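Notes for the one structure printed next.
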Amino acid sequence: MTAFVPAWGLPEASTQRPTATRSWPGYNSQAEPHGPSSLLAPTLACLLGAGAASSGSRRPKRRSTGSNLGLRAFRRDLSLEGYPIHSTGYYWTLSKCTEAVIIYIPIADDVKKQDVIFDCRNGILKTGLVEEKGGLVINDKLLYEVDVENSYFQLDDGEYKERCIVIWLEKRTREQVWYAYDRFEPVSERFLLQSERTKSELKYEVTDKVFFDIEIDEKPMGRIVMGLYGADMPRTVENFKCLCTGEKGTSEETGEPLHYKGTRFHRVVPGFCIQGGQTFENEEGSGGESIYGPTFEDENLRMKFRDKGLLAMANGGPNTNGSQFFITTKKADHLNFKYVGFGEVLKGYEVVKAIESL
């Protein structure tokens with residue numbers, strides 16, 4: 001059906017149309033992009049050219065080998081084993097009674113109680129050590145009112161059995177709504193200090209541009225130009241950009257090309273999204289791999305799917321990003337906090353709609 005070739009600095013791409021129909025059982029308006037273990041709709045689009053790849057026939061199907069690689073160990077930007085961690089030197093979590101936040105600051109064995117600085121008056125949290133022992137760790141505005149009289153610290157073990165300054169920061173009243181306590185929000189959306197919120201805000205600044213040149217039934221349909229948010233999602237953007245240009249060559253693990261040239265938009269859901277990016281195909285529709293290996297972690301799940309024309313990674317669950325991606329064709333709030341969004345369509349949205357209408 002449709003094919004394209006993405007490129008950074010404007011590599012060429014093309015597309016081709018499959019003959020299969022667009023509908024399939026089980027479709028609903030709250031569908032989500034399919035990832036590695038999902039059943040796919042009949043093929044709808046195919047990408048015939050990209051970057052350093054040669055155009056021509058479709059990619060050969062590749063059977064799954066069952067070696068769906070384990071993830072390398074990593075630490076997320078905004079969490080640590082389920083605990084919010086928004087800056088160097090401390091982490092915090094909710095007390096079991098839900099009336100306080102407990103802050104942990106790891107310290108050396110020679111630190112004594114008199115070496116600790118703790119003050120939470122006037123809406124400012126100032127805590128850490130005296131200068132000769134390392135200095136302040138936190139000196140920032142609190143986002144919520146605290147009960148100064150009932151807030152305190154002690155030296156104790158942290159959640160990982162490390163020696164810590166452990167701070168009990170109690171909210172001012174029982175009725176007070178404290179957003180940091182909301183167990184129903186992802187940890188990346190819970191903030192205690194102003195600097196945490198500021199750090200987490202996305203810039204949505206376009207740092208790189210790539211494009212796909214699309215063909216349908218061997219007829220050129222135009223170009224889709226996409227802007228990528230490299231400052232917010234640098235690792236995800238680098239993966240997508242390199243798959244557009246083909247600069248990484250072939251995979252050392254599979255021997256397959258690491259580029260989008262010749263690939264297809266294999267899934268189209270009218271009124272929702274178009275999905276593509278299988279750098280190789282298999283029978284399960286889970287084909288493709290990243291430049292880092294078969295999969296890589298969710299870098300940042302904070303972009304909201306509030307509009308059409310947004311670019312994001314498709315996945316088969318948490319931390320299973322590979323090469324497959326999707327472009328939204330409408331607002332899709334149900335995808336929030338599940339998929340890594342990293343760019344937007346700048347030009348050629350009419351080509352996206354043409355693919356969607358196939």
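Side notes on the structure shown:
- Residue check for TYR229: under 19 Å from GLY348 (Cα atoms), assigned by the TED database to the domain that holds PHE326 and in contact with a Pro (Cβ under 8 Å, 6 or more places away or on another chain): no
- Scanning the range 279-298 for residues that are open to solvent by 10 Å² or more (accessible area, probe 1.4 Å) and modelled with pLDDT under 90 returns PHE280, GLU281, ASN282, GLU283, GLU284, SER286.
- Per-region count, the range 271-306, residues in a strand (DSSP E or B) and aliphatic (A, V, I, L, M): 1
- Residue match in the range 314-330 (condition: in a loop (DSSP other than H, G, I, E, B), free of Cβ contacts under 8 Å to residues at least 40 places away in the same chain and open to solvent by 10 Å² or more (accessible area, probe 1.4 Å)): yes
- Residue satisfying all of: in the range 191-213; open to solvent by 50 Å² or more (accessible area, probe 1.4 Å) and hydroxyl-bearing (Ser, Thr, Tyr); nearest to LYS261 (Cα to Cα) among these: THR207
- Failed condition for LEU310, given (1) open to solvent by less than 10 Å² (accessible area, probe 1.4 Å); (2) at pLDDT 95 or above: (1)
- Output for the range 119-139, where each listed residue is in a strand (DSSP E or B) and surrounded by fewer than 18 Cβ atoms within 10 Å (Cβ to Cβ): ASP119, ILE124, LYS126, LEU136, ASN139
The values are calculated or read from the model by the stated rules, or taken from the named source; none is laboratory data. Keep in mind that this is a model prediction, so the values were computed, not measured. Counting neighbours? That spans all protein chains shown, and the Cβs are built from the backbone with ideal geometry, glycine included. We work out accessible area using only protein heavy atoms, side chains counted, and drop any ligands, DNA or RNA first. Shrake-Rupley method; radii C 1.70, N 1.55, O 1.52, S 1.80 Å.
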